[in-house]
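Visitor: Right, I'll just put the structure down here and ask away after.
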Amino acid sequence: MKAIINARIYDYKKYIENGYVVFDKKIIKVGKMSDFTNEGYQLIDAKGQLLLPNFVCAHSHIYSIFARGLALPFNPTNFQEILDQMWWKLDSQIDNDITYYSGIAAGSEFLLNGVTTIIDHHASGTDIIGSLSSLKKSLVNTLHLRSLLCFETSDRFDIKDCIKENVSFAIHNHNEHIGGLFGMHASMSLSNESLKLISKKIKDIPIHIHVAESEMDEEDSYHKYGMNILCRLDKYHLVNKDSLIVHGVHIKDEELQIVKDRGAYMVVNTTSNLNNAVGVPDIKKYLDYKIPVMIGNDGLSSSMATEYLNAYYLTHLKNNSPTAMGLGNVIDFINNAYNYVGRRLGINIGRINENYVADFMVVPYTPFTEMNSNNAFGHLFFGLFPNFRPNDVYVDGMRLVKNGELVSKKAKEELMQARKYSEKLWKKVKEI
């Protein structure tokens, strides 16, 4: 067994100024250094560092990492044209090999940022069947991350293949590292016929869907079907417990009531919303409805610290109030993600406690003011999040990042191969 000693320990509930953690795959003991006895442990000195649970990204598009630097004819005037001119061109050309290597590239960046559990929303028009297994192979088998995966069902693709991939993966993949959800793109790319098919096959698998990311999504639903998006989805009994309702920038009050009543979650992606100029989610209203909120990155920055910062500051701006969201709310978002993932994967995660999985990171931090149990998150949020980079990252007690670099030789080798597959994708996209 190993023991990290002389660390400041913080897990969003408790703070230990100078403590230790004994662990193997799970955490065995936690306490103050004054009570520590070395029983032959392998010692790792974390003096001058803060030990934290690893982060969860509650919504991502891992394949989007291969869009960096891609130059295409691009002059969108609305959100649909962003999809048409960029993202739908890109994902239409993704095959299973490209999916695998995008997972290596994005997963490695997440890992270096202390993000070791990822809820991903995948799309690949060239290969649908087997795509989630390819992503699992890179994220779980090679990088040893935890993931909840789904395929973005859309009328752009073969609906039956989308349904088969989602359902089959969710049924056959359930352990401490992997699980499945039922992915749907958005109301505007799913006909009533498609929703009927999904409704017949989905069973109790929670959906993972973009809702009201732009006004166009709501307008499309009301114009075509005479009802708002969540009302339409609920008509087909698709909004079930643990469903992930993503974005919600233009969601209506009656829809929020459905989210609450069905036991679903709102997942906000503030940075992406800013980038696409679709608006800012009204997180305060979600909280007023007592809906649990989680934070994603929508495939942009691999830093969840950045996403927490942007959600906090933009909520103040949207509501014209510096108290519209407190640091306690951000802690709730982080804890909601731990609770969600823990329930879906059947693990105890997100605490530095006995019998919790040993998923944690060690981050250099020297406080210039007093740090205690009352202000620890303030130090984390204002002191560390703006320039966040862990020294070491552990999953299941294995050190996957050491001194800011990947440990796994295989992961490094596979990462070097990713460039070839991004070039392959770029060539295909530019030929469209």
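The values are calculated or read from the model by the stated rules, or taken from the named source; none is laboratory data. A quick note: this is a predicted structure, and the numbers were derived from the prediction, not measured. Cβ coordinates were reconstructed from backbone atoms using ideal geometry, including for glycine residues, and neighbour counts include every protein chain displayed.
Visitor: Determine which member of the set Ile251, Ile245 is touching a residue at least 12 places away in the same chain (Cβ under 8 Å) and either among the aromatic types (Phe, Trp, Tyr) or part of a loop (DSSP other than H, G, I, E, B) (or both). Before the answer, list the steps.
Guide: Working: Ile245 fails: either among the aromatic types (Phe, Trp, Tyr) or part of a loop (DSSP other than H, G, I, E, B) (or both).
From the options Ile251, Ile245, the qualifying one is Ile251.
Visitor: Same structure, new question: Just give me the residues in the range 389-407 being modelled with pLDDT of 95 or more and touching a helix residue (DSSP H, G or I) at 6+ places or on another chain (Cβ under 9 Å), in sequence order. Break it down stepwise before answering.
Guide: Taking the range 389-407 first, the residues modelled with pLDDT of 95 or more are 390-407.
Residues satisfying the conditions are Pro390, Val393, Val395, Leu400, Val401, Gly404, Glu405, Leu406.
Visitor: Okay, moving on. List every residue pair whose Cβ atoms sit under 7 Å apart, with the two residues 6 or more apart in sequence or on different chains, where the first one lies in the range 129-154 and is outside the structural domain of His210 (by TED's automatic domain parsing) and the second, anywhere, is in a loop (DSSP other than H, G, I, E, B) and surrounded by fewer than 24 Cβ atoms within 10 Å (Cβ to Cβ).
Guide: Note: no pairs meet the criteria.
Visitor: While we're on this one: Restricted to the range 1-47, and to residues that are under 12 Å from Tyr356 (Cβ atoms) and aliphatic (A, V, I, L, M), which residue is surrounded by the most Cβ atoms within 10 Å (Cβ to Cβ)?
Guide: Ranking the candidates gives Val21 first.
Visitor: Separate question: List the helices (runs of 4 or more DSSP H) inside the range 62-148, counting only whole elements, that have at least 1 residues being modelled with pLDDT under 95 and of a type in the set (Asp, Glu).
Guide: On the way: elements: 79-82, 88-92, 96-112, 131-136.
Ranges flagged: 79-82, 88-92.
Visitor: Which strands (runs of 3 or more DSSP E) does the range 302-408 wholly contain that include 1 or more residues that are closer than 30 Å to Tyr286 by Cα, of a type outside the set (Asp, Glu) and in contact (Cβ under 8 Å) with a residue 60 or more places away in the chain? Before you say what the answer is, go through the steps one by one.
Guide: Working: elements: 360-364, 392-395, 398-402.
Passing ranges, in order: 360-364.
Visitor: Pick from the range 358-406 the residues that are of a type in the set (D, E, K, R) and touching a Lys or Arg at 6+ places or on another chain (Cβ under 6 Å): which of them is farthest from Val56 (Cα to Cα)? Working first, answer last.
Guide: Here is the first cut: in the range 358-406, the residues of a type in the set (D, E, K, R) are 359, 370, 389, 392, 396, 399, 402, 405.
Cutting the leftovers down to touching a Lys or Arg at 6+ places or on another chain (Cβ under 6 Å) gives us 392, 396.
Working: Asp392: 16, Asp396: 15 Å.
Taking the candidates together, the pick is Asp392.
Visitor: Hey, among the residues in the range 53-65 that are crowded, with 24+ Cβ neighbours inside 10 Å and among the hydrophobic types (A, V, I, L, M, F, W, C), which one's farthest from Gly125 (Cα to Cα)?
Guide: Phe55
Residue by residue, here is whether (1) closer than 29 Å to Ala358 by Cα; (2) touching a Ser or Thr at 6+ places or on another chain (Cβ under 9 Å) holds:
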| residue | (1), (2) |
| --- | --- |
| Glu165 | no, yes |
| Glu176 | yes, no |
| Met188 | no, yes |
| Leu244 | yes, no |
| Lys260 | no, no |
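Visitor: Assess whether Leu50 counts as being assigned by TED's automatic domain parsing to the domain that holds His210 and either buried (at least 19 other Cβ atoms within 10 Å of the Cβ) or farther than 23 Å from Gly342 by Cα (or both).
Guide: Working: assigned by TED's automatic domain parsing to the domain that holds His210: no; either buried (at least 19 other Cβ atoms within 10 Å of the Cβ) or farther than 23 Å from Gly342 by Cα (or both): yes.
It is false that Leu50 is assigned by TED's automatic domain parsing to the domain that holds His210 and either buried (at least 19 other Cβ atoms within 10 Å of the Cβ) or farther than 23 Å from Gly342 by Cα (or both).
Visitor: State whether one or more residues within the range 162-169 are assigned to a strand (DSSP E or B) and farther than 30 Å from Asn348 by Cβ. It would help to see each step written out before you state the result.
Guide: Taking the range 162-169 first, the residues assigned to a strand (DSSP E or B) are none.
No, the range 162-169 contains no residue that is assigned to a strand (DSSP E or B) and farther than 30 Å from Asn348 by Cβ.
Visitor: Another question about this same structure. Residue by residue through the range 78-93, note down the ones that are in contact (Cβ under 8 Å) with a residue 12 or more places away in the chain and either touching a helix residue (DSSP H, G or I) at 6+ places or on another chain (Cβ under 6 Å) or over 16 Å from His122 (Cβ atoms) (or both).
Guide: Scanning the range 78-93 gives Asn78, Phe79, Gln80, Ile82, Gln85, Met86, Lys89, Leu90, Gln93.
Visitor: Under 7 Å between Cβ atoms, at least 6 apart or on separate chains: pull out the pairs that start in the range 274-289 with a residue that is in the same structural domain as Gly326 (by TED's automatic domain parsing) and end on any residue that is polar (S, T, N, Q) and outside any helix (DSSP H, G or I).
Guide: Short answer, once both residue conditions are applied: Val278/Ser214; Lys284/Asn319.
Visitor: Is there any pair with a first residue in the range 62-77 that is in the same structural domain as Ser133 (by TED's automatic domain parsing) and a second that is of a type in the set (D, E, K, R) whose Cβ atoms are under 7 Å apart and which are 6 or more apart or on different chains, and what are they?
Guide: Ile62/Asp120; Tyr63/Asp91; Leu72/Lys89
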